[in-house]
Amino acid sequence: MAKKDEAGRPGDRAPLTEYRAKRHRDRTPEPGGADGGSDGGGRRFVIQKHAASSLHYDFRLEADGVLKSWAVPKGPSTDPREKRLAMRTEDHPLDYADFEGVIPRGEYGGGEVIVWDTGEYRPLPGKDGEVTAIADGVERGHVKFWLDGRKLHGGYALTRTGSDRGKERWILVKTADETADRRRDPVGTEPASVRTGRTVEDLAEERGGGAEEER
């Protein structure tokens with residue numbers, strides 16, 4: 001497992017070391033995570049609905065050749081008044097953004113995964129008017145960005161608030177802009193994959209069972 005500092009942040013080892021250490025390549029259909037991922041400034045984001053032992057949404061931003069990742073138990077909101085807990089997880093390979101399927105029982109994160117939303121993002125300036133690269137912002141504990149997805153649009157911010165049992169605790173918040181909507185509930189009303197139209201329940205029925213282990 002990758003080394004972490006006192007706040008539970010991943011250390012400076014190869015970015016996908018922890019990702020690989022948690023997975024058995026001969027048992028899971030997840031991408032293997034080859035080294036040397038593109039670092040050409042791509043700005044893709046993906047939110048994957050993940051029915052592990054506890055249902056959550058994996059929020060991922062492309063930066064520095066990997067997907068910076070957080071697990072959001074309640075999923076994203078379009079209401080700026082709502083603060084959503086987001087627990088930092090290990091960096092994922094870029095090709096994980098297209099992963100949709102079933103992680104076998106007994107494996108890390110066992111359960112159904114769909115691509116709930118995806119699209120492009122762009123960093124937004126902070127209070128000082130400066131735009132910070134996402135990777136730098138993650139290290140500093142605050143990132144602000146604009147999403148152009150199939151379901152989500154507008155500004156969002158992620159802020160680190162501390163750590164819990166060795167894991168970084170962050171808060172995901174919708175910014176108060178023209179795209180904010182207090183009445184909308186995309187997590188509750190739009191459950192299907194933007195890639196295939198399937199739900200995690202559809203995948204569970206196809207495999208004939210439920211998820212077991214939490215990511």
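Worth a mention:
- Distance from region 106-122 to region 158-188 (C-alpha centre basis), Å: 17 Å
- The Cα-based radius of gyration and maximum Cα-Cα distance (Dmax) for region 85-158 are 15.0, 47 Å.
- Kirkwood radius, the chain, all distinct C-alpha pairs, inverse of mean reciprocal distance: 17.5 Å.
- Where only DSSP H runs of four or more residues are counted, the chain gives -2500 deg cm²/dmol as its mean residue ellipticity at 222 nm, each run worth -39500 (n - 2.57).
Values quoted throughout were computed directly from the atomic coordinates according to the rules given, and no laboratory measurement underlies them. Model, not experiment: these values are computed from the prediction.
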